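Take a look at the structure below.
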Amino acid sequence: MLNRGRNIEKGRVITRRMFILAAAKILLFAGISSRLYNLQISDREKYEILSDKNRIREWKTPPQRGIIVDNFNKVLASNDRVFQLHLMLDEISDFDVTIFKIKNLIRLDQFQIKKLYKKKERLKPWDTLVVSDNLTWEQFSKINLYLHELEGAKPVLSTSRYYPYANDLVHIVGYVGDASPKDLEKPEIKENFVPGLKVGKYGIENSQEKMLIGNYGIKRYEVNASGKRISQIDYIKERQGNKVNLTIDIEIQKYAQELLKGKAGSICAMDIYTGEVIAMASSPTYDPNKFTHGINQKDWQEIRNNPLKPLINKSIAGLYSPGSTFKPLVALAALEYGILDPNKTIRCKGHKHPYELYGVKYHCWKKEGHGYMKLRNAIKQSCDIYFYEMARLLGVDKLSIIAKRYGLGTNVLGDLYKDEKNGLVPNTKWKRRALEQSWYLGETVINGIGQGYIQTTPLQLCLMTAQIANGGYKIKPHIIKDNTINYNDILNKIKLDQSNFPLHERNYLDEINVEYYQRMYHKKSNINFVLDAMFGSTNEQYGTSYKSRYDNLKYQFAGKTGTSQVRRITDLDRELDLDTEQIEYKKRDHALYVAFAPYKDPRYSISVIIEHGGSGSKAAAPLASKLIKRIIDRHKLREQFNNGNTSLA
Amino acid sequence: MLRERIQASNYSFLDKLRSIDYLLILLIIAIGSISVFAIYSTEGGKFSFYTKNHIIRLSVFFGLFLILSFVRVSTWYKNAYLFYIVGLILLITVLFFGISASGATRWINLYFLNLQPSELMKIAVIICFARYYHRIQSSDIQSYKFLIQPIILLIIPCYLVIQQPDLGTSILIAGSGIAIIWLAGLNIKYFVYSGLLLLVSLPFAISILKPYQKARILTFFNPDRDPLGAGYQIIQSKIAIGSGGFFGKGYLKGTQSYLEFLPEKHTDFIFTLFSEEFGFLGSIILLFLYILLIYRIINVGLVSRSFFAKLYCFGFATAIFLYVFVNIAMVLGMLPIVGAPLPIMSYGGSSLLSIMLGLSIVMSCKIYNQEQISAY
């Protein structure tokens, strides 16, 4: 009962306090009401004047986009002055009349008018409609002359992107265009957007948006009831975006594109110590300037329907079987794991007596056979039979560890390019997981000559070659200049690593992560063996790229050809033995070539791929040879420039 | 006691329907409809993203409200602490996995909705405190032991929310909690003392505020100090409301709002837009609807038998009052701008969800108003 009494008391307290609170609420609401009365009834006139006659209006002024330069500070993407016409929708009383006047002034056709109406539909009543973002001087001056008759019209002096090297760089630098709703979701664009501003759509323009976009300025005006400016009260100046400095040498890049003219394919060149990408050409190509003001339908169809696929950046988004260019790595793996004595002799007997495994026949590319082969000769003359047997002994899992370590199977440039592919380095685990099948020995055998499941991008092959050529050290490939990476430091790091022998000898056979500028090899002599064999392949008789060699030590290079099949070769094909020109284009082999130069004291690696070009030695190696000469001729200049740069920094 | 429990579970469905507070439902629908028109107006009279989303959320959460109204009040009671703990866990989740927008990390991405746990915490604190004080004897309430516990329960979520940073929501959570402590009957002297303490410590408190918060408070005292920066919103909001006059500028004709003078017009400044277009008359009617809503909630508390239901309803009514008052006072330039939505009117899924959830508990108190809850 005592309990009940207490409960009644508690109930009373709660109710009493509730009423006190309610009284306070009523008081506060009364306060709000009186404030509303004050604002809306007593002071109404004052606020009406403020609202109608003293409105503050803001105009955002577009920022200039940061420029993009190459290794030598040559401008690759700049800003041109353009004349634009904007319409302030909220200042227009009759949209149709305004558009009619504008139409007569700057001669818009029916299609453009329709597009403007459609564009307006998507805008808010207070938004800015960009009528034209690229007026001629004549049109622009006419608009200015009749400005007083055009409600809400605003002639704007703006800038637009210009790419002086147009076609030569589009796959690296990319292009700009109107911001899509999806672009506007990105914070760096959302925060800096101004109507009519162009944003990066692909490549460096897209991935370095944060650097390039800059900040808009704000002009604040007092305006009168009809929206005319009375006075400017504030101007926060816009800030141009930052400069982006690439490692590309535009001269080399231009030359690489020229070499690829009329072909589909890619050429990549890299500094084998700093990892700087010197050139990354992809063919065919297209003009990014056409995209700046919106590409017209005809041009777009032309690009899109080209069977050689110019839109694909073949250097990083094209996937190819590496073919025989993979052989140096297979040989290196076999030597490193101690699978095989390089003096072991295997006989290649030609098409009449192919390599046989469980009743399946594997042919060498050479009809009459190579005869008795040791490892060095097998690399030099690219004998498939030797590599079938070596791959069989090595096994695909060990091979995949080495292949991944030297840069295959993962994308090279990180998230710079949204379309960069990872490629594929197959092993038994992968096949079980991805295809839910077990691995066949036959697949190992063809993997040994770079065919089968394995898929690589040209840039990966370039990186692989670089990391063999520099003596087996992991490097950091990049295309945006990084001043913390310089040649002398890296050389010192490598020297230091060599004096610390042995370092990761113990678990070398496992999948390990190697730090940058640390060795990836087990025995230095194995790397040297492979490099020497590649030398033979280019500079000794019977080598597959002997014809493309230089005898001058300055330009002398070493490389490896590759011919990657795009389909299975049948017995009939072997019998017919057609020339490349006689085969239908789509069925021709891809021609590949990887090389490093100069052979003595190498600095650069290069990879060339010509789609459906036929054999590597005929179609790819000669191009590499020409480009290598150009790269080495410019080496001194580049070295001087880079050293000068670092001493300044 | 046993008999009463059986009695409670023996409510027939018809009884339940009969005891629903239909006026309350009508009020919710009325305010909801006004909010749709207001948000339609913020988009310049176009039926697009915000309007569509707001209508979908209103309908879904209203359905949820109707369903949850039939959950027994004792079930809410039993799960009150769980509710609070879940709220806390969500707040901690925000700390680590929250998504950010304009410098604050307040949301968790649930794919269909970006949940703002601090909004749910507003309700969780009320229900948790209602349960806490439900079982405490009035004589014990004054003891330090029973004073310290709720203060700790209140400080933790407030601290987490301030970290986001979200001063407005944190103050509202603290306000609702303190309201229940008051209702439960804590001696007035504590409130006086802590009020004095707050006044004394104010200079220190201001020194730990974020620069933008300081700017807001300073501009509140003198909006003309920085007319284009922090004071901009207050000045423009006042101009919009003042120029509305008695009858307003007319629907879809609010020039201030159309010219984008108000950056957050569909959330915190929705009242500004409404008031500009519908004037003094419209604003008073809207205010009256809110007063009626609060009155109906208090009424449910009065007819409920259990302390839990009473405390909850009175507490929730005070919370609603606080949200409405803080928001409107803010846009009228009577309080600094702290970021507090107007219940039901403002665009925002989490705020709407928490209000509807809170209202469904009120309705459950009404339907099961004769239910006794034993203090176990």
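Only protein heavy atoms count here; under a 1.4 Å probe, residue A:353 has an accessible surface of about 110 Å². Highest GNM mean-square fluctuation among B:316, B:146, B:278, for chain B modelled with Cα contacts below 10 Å: B:146. Taking each residue as 0.36 nm, the span from residue A:552 to residue A:74 lengthens on full extension beyond its C-alpha to C-alpha distance by 169.0 nm. Per-residue 3J(HN,Hα) values for segment A:203-209, derived from phi via the Karplus relation 6.51 cos²θ - 1.76 cosθ + 1.60 with θ = phi - 60°, read x, 4, 3, 7, 6, 9, 3 Hz in sequence order (x marks Gly and Pro). With the convex hull drawn over the C-alpha atoms of the protein assembly as shown, the volume per residue is 246 Å³. What you get for segment A:457-543, charging only the Cβ of Lys and Arg (+1) and of Asp and Glu (-1), is a dipole of about 160 debye around the Cα centre. Stretching the chain fully between residue A:319 and residue A:162 yields a gain of 53.4 nm (0.36 nm per residue, less the alpha carbon separation). Across the options B:109, B:359, B:33, the greatest Cα extent toward the positive end of the charge dipole of the protein assembly as shown (unit charges at beta carbon of Lys, Arg, Asp, Glu) belongs to B:359.
Per-residue 3J(HN,Hα) values for segment A:164-175, derived from phi via the Karplus relation 6.51 cos²θ - 1.76 cosθ + 1.60 with θ = phi - 60°, read x, 9, 4, 5, 6, 10, 4, 6, 8, 6, x, 8 Hz in sequence order (x marks Gly and Pro). Rounded to the nearest 20, the Cβ-based charge dipole of chain A about its Cα centre (Lys and Arg +1, Asp and Glu -1) stands at 1360 debye.
Short-range pairs are left out: with C-alpha atoms under 8 Å and at least six residues apart, the relative contact order of chain B is 28 percent. The amide H of residue A:159, built 1.01 Å from its N in the peptide plane, has A:82 as neighbours under 5 Å, considering only residues 5 or more places off or on other chains. The Cβ shell under 12 Å around residue A:493 holds other residues with a net charge of +1, Lys and Arg each +1, Asp and Glu each -1.
Once the Cα-Cα distance is subtracted from the 0.36 nm per residue extended length, the residue B:291 to residue B:79 segment shows a gain of 73.4 nm. In this simple spin-label approximation, residue A:429 and residue A:7 carry label points 7 Å from Cα along the Cα→Cβ vector, and these lie 6.8 nm apart.
Here residue A:347 and residue A:305 are evaluated by their C-beta separation; at R0 = 51 Å the FRET efficiency comes out at 0.50. Per-residue accessible area (protein heavy atoms, 1.4 Å probe) orders A:59, B:107 as B:107, A:59, starting from the largest. Counting only protein chain heavy atoms and rolling a 1.4 Å probe, the accessible areas of B:351, A:42 rank, largest first, as A:42, B:351. Entry note: segment A:57-245 has Rg to Rh equal to 0.99, where both radii use alpha-carbon atoms and Rh is the Kirkwood radius.
Amide hydrogen proximity for residue B:107: with H placed 1.01 Å from N in the peptide plane, the residues at 5 or more positions away or on another chain lying under 5 Å are B:99.
With the full set of protein chains in place, find how many percent of the accessible area of the protein assembly as shown is carbon and sulfur; take the probe as 1.4 Å. Carbon-and-sulfur percentage of accessible area, whole number: 57. If R0 is 56 Å, the Cβ-Cβ spacing of residue A:368 and residue A:114 corresponds to a FRET efficiency of close to 0.25.
To the nearest 20 debye, what is the magnitude of the charge dipole of segment A:57-245 about its Cα centre, counting +1 on the Cβ of each Lys and Arg and -1 on the Cβ of each Asp and Glu? Could the numbers behind the result be given before it?
On the way: 31 positive and 25 negative charges, 9 e Å.
Rounded to the nearest 20 debye, it is 40 debye.
For residue A:178 and residue A:512, a Förster radius of 60 Å and the Cβ-Cβ distance give a FRET efficiency of 0.80, rounded to the nearest 0.05.
Pairs from the table (A:349/A:626; A:198/A:474; A:254/A:636) lying more than 30 angstrom apart at Cα are A:349/A:626; A:198/A:474.
Think of a 1.4 Å ball rolled over the protein heavy atoms: segment B:37-94 then has 47 Å² of accessible area per residue. Can you give the net charge of the other residues whose Cβ lies under 15 Å from the Cβ of residue A:466, counting K and R as +1 and D and E as -1? That sum, taken over residues with Cβ under 15 Å, equals +3.
Of the residues A:394, A:479, A:566, the one whose Cα sits farthest toward the positive end of the charge dipole of segment A:313-648, with +1 on the Cβ of Lys and Arg and -1 on the Cβ of Asp and Glu, is A:479. Count Lys and Arg as plus one, Asp and Glu as minus one, and take only other residues whose Cβ is under 14 Å from that of residue A:439; the net charge is then +3. Dipole orientation for the protein assembly as shown: of the candidates A:68, A:437, A:267, A:437 has the Cα lying most toward the positive pole (charges on Cβ; Lys, Arg +1; Asp, Glu -1). Interface of A with B. Using a 1.4 Å probe and counting protein heavy atoms only, the two chains hide about 4600 Å² of accessible surface, both sides summed.
Label sites at residue B:187 and residue B:64, each approximated as a point 7 angstrom past Cα along Cα to Cβ, lie 4.3 nm apart. For segment A:56-187, the relative contact order comes to 38 percent (Cα pairs under 8 Å, sequence separation of at least 6).
Put a dot 7 Å past the Cα of residue B:86, heading toward its Cβ, do the same for residue A:190, and the two dots end up 2.9 nm apart.
For residue A:79, nonlocal amide neighbours, meaning residues 5 or more places apart or on other chains whose placed amide H falls under 5 Å from its own, are A:162.
Its relative contact order, with pairs defined as Cα atoms under 8 Å and 6+ residues apart, puts chain A at 13 percent.
Listed values for segment A:83-100 are Karplus-derived 3J(HN,Hα) couplings in whole Hz (6.51 cos²θ - 1.76 cosθ + 1.60, θ = phi - 60°), namely 9, 10, 10, 10, 10, 7, 4, 6, 9, 9, 8, 10, 4, 4, 5, 4, 4, 4, and x replaces Gly and Pro.
The values are calculated or read from the model by the stated rules, or taken from the named source; none is laboratory data. Being a predicted model, the structure only gives us computed values, none of them experimental. For neighbour counting, all protein chains shown are included, and Cβ atoms are generated from backbone atoms with ideal geometry for every residue, glycine included. To get the accessible areas, we keep the full protein, side chains included, count just its heavy atoms, and leave off ligands, DNA and RNA. Shrake-Rupley method; radii C 1.70, N 1.55, O 1.52, S 1.80 Å.
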